[in-house]
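Below: one structure, written as structure tokens.
The values are calculated or read from the model by the stated rules, or taken from the named source; none is laboratory data. Because the structure is predicted, anything quoted here is derived from the model rather than measured. FYI the Cβ positions are ideal-geometry reconstructions off the backbone, even for glycines, and counts take in every protein chain you see. Just so you know, the surface numbers come from the protein's heavy atoms only, side chains and all, with ligands and any DNA or RNA stripped out. Shrake-Rupley method; radii C 1.70, N 1.55, O 1.52, S 1.80 Å.
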Amino acid sequence: MSFMTVLSILCLLGGFFFFFTATIGLLRFPDFFTRLHATGKGDTLAVFLSLLGLAFYEGISLTGLKILIIAIFMFIAQPTATHAISRAGMRSGVKPWMKENIES
Amino acid sequence: MNGFAEMIIKTEDIIVKTIARILIPFIQLFSLYVIMHGHYSPGGGFQGGVIMGASLVLLFLTHGYEESKERMSEKAAILFSSTGVLIYSGIGLLCLLLLGNYLDYGRLSLILNVDLAHARSLGILGVEIGVGFAVMAVMFSIFLDISTGGIEPGEEKKNEKASTR
């Protein structure tokens, strides 16, 4: 097993770990904004690590370069999308999870 | 609601605007790539046209109707969609005029002065460009019709005034 394959396996495992924690956060957190916090941060890093692992496996080639460009695009676009969704929630009057807003 | 939340709602969103302005040229470049490489990789006229239309939709969503209607208006969308259909059917009818079947690209080698395989490739590329034009314009005008309800923003007030009179 070459060095690049080991590196790609490590990156993919890290990506799977962050996907897993982001999904747990999505299922267990109490309200809209905290769930968005978990998925926004976790998924961004998970997608970046997974694509980086695939690029390491591919090596230096045109396909690897394309995968890296996709990774950079996701790294820019995904936090922006999360920001826009959270703003839309604030605009439409979603209450944050605070002590005075807890009803049950 | 407290003051901070109101401030968030009222201020313009500079993050989304800036990122959209950075990303839209790359999205449009990618759509041209998808159209040009439709022969031997996934993609083609329809997919590239949809990506181009999505970039225009992103522009209108982030910058608002008033600011971005100079880039692409509804009249231009109608013109582009009929231009795309004209390119498609024009290439097809040109093959008919050169005594072939409809969209029989091999016949184009008579006027393009290249060999048969090149003529087929160029004919397919021309048809894909036509399909891309039409799909881009139709996607965009569907989005405008849904988001504005068929009425141009700014004309609503005139209509209200006319009805109150």
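The set of residues in region A:87-100 that are part of a helix (DSSP H, G or I) and open to solvent by 50 Å² or more (accessible area, probe 1.4 Å) comprises A:A88, A:R91, A:K99, A:E100.
Within region A:20-60, the set of residues being open to solvent by 70 Å² or more (accessible area, probe 1.4 Å) and aromatic (F, W, Y) comprises A:F20, A:F29, A:F32, A:Y57. Listed conditions (1) farther than 23 Å from B:T18 by Cβ; (2) in contact with a Pro (Cβ under 7 Å, 6 or more places away or on another chain) are all met by A:T44, apart from (1). Checked against the criteria, A:T63 does not count as open to solvent by 40 Å² or more (accessible area, probe 1.4 Å), away from chain B (no Cβ under 14 Å) and either part of a helix (DSSP H, G or I) or closer than 23 Å to B:K17 by Cα (or both).
A:L12 meets all of the listed conditions (1) within 26 Å of B:L29 (Cα to Cα); (2) part of a helix (DSSP H, G or I); (3) open to solvent by 40 Å² or more (accessible area, probe 1.4 Å) but one, namely (1).
Meeting the requirement of 3 or more residues that are in contact with a Ser or Thr (Cβ under 6 Å, 6 or more places away or on another chain) and buried (at least 16 other Cβ atoms within 10 Å of the Cβ), the helices (runs of 4 or more DSSP H) wholly within region B:24-132 are B:45-63. When A:F33, A:F73 are screened for being in contact (Cβ under 8 Å) with a residue 60 or more places away in the chain, assigned to a helix (DSSP H, G or I) and within 28 Å of B:R21 (Cβ to Cβ), only A:F33 passes. Remark: A:A84 matches the filter, which requires a residue to be within 14 Å of chain B (Cβ to nearest Cβ), on the phi < 0 side of the Ramachandran plot, of a type in the set (A, V, I, L, M, F, W, C) and open to solvent by less than 80 Å² (accessible area, probe 1.4 Å). Condition check for B:K75 on (1) modelled with pLDDT under 90; (2) touching a helix residue (DSSP H, G or I) at 6+ places or on another chain (Cβ under 7 Å): one failure, at (2). Based on what the data block shows, is A:L27 away from chain B (no Cβ under 14 Å) and in a helix (DSSP H, G or I)? It is true that A:L27 is away from chain B (no Cβ under 14 Å) and in a helix (DSSP H, G or I).
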